[in-house]
1. Normalised radius of gyration for the stretch 132-174, please: alpha carbon Rg relative to 2.2 N^0.38 Å, two decimal places.
2. Looking only at GLY154, GLY19, GLY82, which one moves most when the chain is put into a Gaussian network model with springs between Cα atoms under 10 Å?
3. Short version: what are the Cα gyration tensor semi-axes of the chain, square root of 5 times each eigenvalue, largest first, in whole Å?
4. P(r) for the stretch 87-195, please, calculated from all Cα pair distances in 10 Å bins and given in %.
5. Just the number, please: carbon plus sulfur as a percent of the accessible area of the chain, 1.4 Å probe, no ligands or DNA/RNA counted.
6. Based on the Kirkwood radius over alpha-carbon pairs, what value in µm²/s does the Stokes-Einstein equation return for the translational diffusion coefficient of the stretch 102-146 at 25 °C and 0.890 mPa s?
7. Using a Gaussian network for the chain with springs between C-alpha atoms less than 10 Å apart, which of these wobbles most: LYS165, LYS134, LYS76?
8. Residues with amide H under 5 Å of MET109's amide H, sequence separation 5 or more or different chain, H placed in the peptide plane at 1.01 Å from N; which?
Amino acid sequence: MTVMVDEPLTQGDDVLLDGFLALETPEGFRAELIDGEIVVTPPPLGDHERCIGKIIRQVIRYSATEFECACNKGLKVPGLDGHPDNRVIPDITFVAIEADPFHGAPTWMPVEDDGIIMVVEVTSSRPTRDRQAKRTGYARAGIPFYLLVDREEGRTVLFSGPDGKDYGHTDQVPFGKTLPLPKPFEIDLDTSEFA
């Protein structure tokens, strides 16, 4: 399968970014640009996707606020100094319905202050990027909440209070406990089936 890029390449773009945007990834694989490194991951295992389904079902069904969500939506978030903007693909992106940021969004959607409420990552075989590089990238973008389901460590972590460099607050529970998600969610996330 050939991956077509809808973004125009300009003469001033970084060589790494140009190479990333021109990548041809195999069907089902996804490529991300994270802090100057191109990361290609294979399709996820069933338990990974099962966990994503459990989160979406709980948030949509029980949240005090109505959300729209997308799985695998490309986001453009600030990279580390000296690197081009990161191109990341969260497992889930929750947005405010009234903001409607997915409508007409490009392949790599820029993060806007009023649209994205929470991103979710469920760790796979190499969890370090989810724990560190993606977390700080989401914080640099000002995304209010980052939910990390760390299957290797058997815990669910909610990061909040981004300060432009990292998240200032962390709540975590081991699998099997409920994790309170604050406003605008106002639910207790059941983590018992994440293992």
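1. Working: Rg = 10.0 Å, N = 43, 2.2 N^0.38 = 9.2 Å.
With N residues counted in the stretch 132-174, Rg over 2.2 N^0.38 Å equals 1.09.
2. Fluctuation is largest for GLY82.
3. Over the Cα atoms of the chain, the ellipsoid semi-axes are 27, 18, 16 Å.
4. Per 10 Å bin, starting at 0, the Cα pair percentages come out as 14, 47, 32, 6.
5. Details: 4930 of 9970 Å².
Carbon plus sulfur share of accessible area: 49 percent.
6. 210 µm²/s
7. Judging by the Gaussian network model, the answer is LYS165.
8. Under 5 Å from the amide H of MET109: GLY74, LEU75, LYS76.
The values are calculated or read from the model by the stated rules, or taken from the named source; none is laboratory data. Being a predicted model, the structure only gives us computed values, none of them experimental. Every residue, glycine as well, gets a Cβ built from its backbone with ideal geometry; the counts of neighbours run over all protein chains shown. Heads up: the accessible areas ignore ligands, DNA and RNA and are worked out on the full protein's heavy atoms, side chains in. Shrake-Rupley method; radii C 1.70, N 1.55, O 1.52, S 1.80 Å.
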